[in-house]
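The values are calculated or read from the model by the stated rules, or taken from the named source; none is laboratory data. Just so it is clear, the structure is predicted and the values come from calculations on it, not from any experiment. Here the Cβ is made from the backbone with ideal geometry for all residues, glycine too, and neighbour counts use every protein chain on show. Surface accessibility is based on the protein's heavy atoms, side chains included, excluding ligands, DNA and RNA. Shrake-Rupley method; radii C 1.70, N 1.55, O 1.52, S 1.80 Å.
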Amino acid sequence: GWSVIIERRIQKKYDFVDFAQDLEFNVKLGEIAEEEGHNPDIYITWGMVNLSIWTHMIDGLTESFFILAAKADTVFSAQTRAVTSD
């Protein structure tokens, strides 16, 4: 589900059932981004979070982008499983 944008950025949209889940996911993303030393663009609206990972430091993709992306996917999977099982 990740898109590569002009070989400089990766981006993905995550869908949720309400705004509270959007916010919970955003908080977790922020914590992970801090740990990884990233400052991704995170757009939040009702039922959707759009995550965009890129850097000013180099003109291209880095391995750390994909590490952060994988961690975001893991958080999303865990959060949506928890909501489904409630």
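The set of residues in the stretch 70-86 that are closer than 24 Å to GLU7 by Cα and either of a type in the set (S, T, N, Q) or assigned to a loop (DSSP other than H, G, I, E, B) (or both) contains only THR74. Residue pairs whose Cβ atoms lie under 7 Å apart, sitting 6 or more positions apart in sequence or on different chains, and linking a residue in the stretch 19-30 that is within 12 Å of GLN79 (Cα to Cα) to a partner that is among the polar types (S, T, N, Q) and open to solvent by less than 40 Å² (accessible area, probe 1.4 Å), are GLN21/GLN79; GLU24/GLN79; PHE25/GLN79.
Within the stretch 52-66, the residues that satisfy the criterion of being among the β-branched types (Val, Ile, Thr) and surrounded by 14 or more Cβ atoms within 10 Å (Cβ to Cβ) are ILE53, THR55, THR62.
For the stretch 35-46, the criterion of being in contact with a helix residue (DSSP H, G or I) (Cβ under 8 Å, 6 or more places away or on another chain), of a type in the set (A, V, I, L, M, F, W, C) and under 17 Å from ARG81 (Cα atoms) is satisfied by no residue at all.
Exactly one residue out of ILE53, ILE67, ILE44, ILE58 is touching a Ser or Thr at 6+ places or on another chain (Cβ under 9 Å), under 21 Å from ILE5 (Cα atoms) and either in a loop (DSSP other than H, G, I, E, B) or at pLDDT 80 or above (or both), and it is ILE53.
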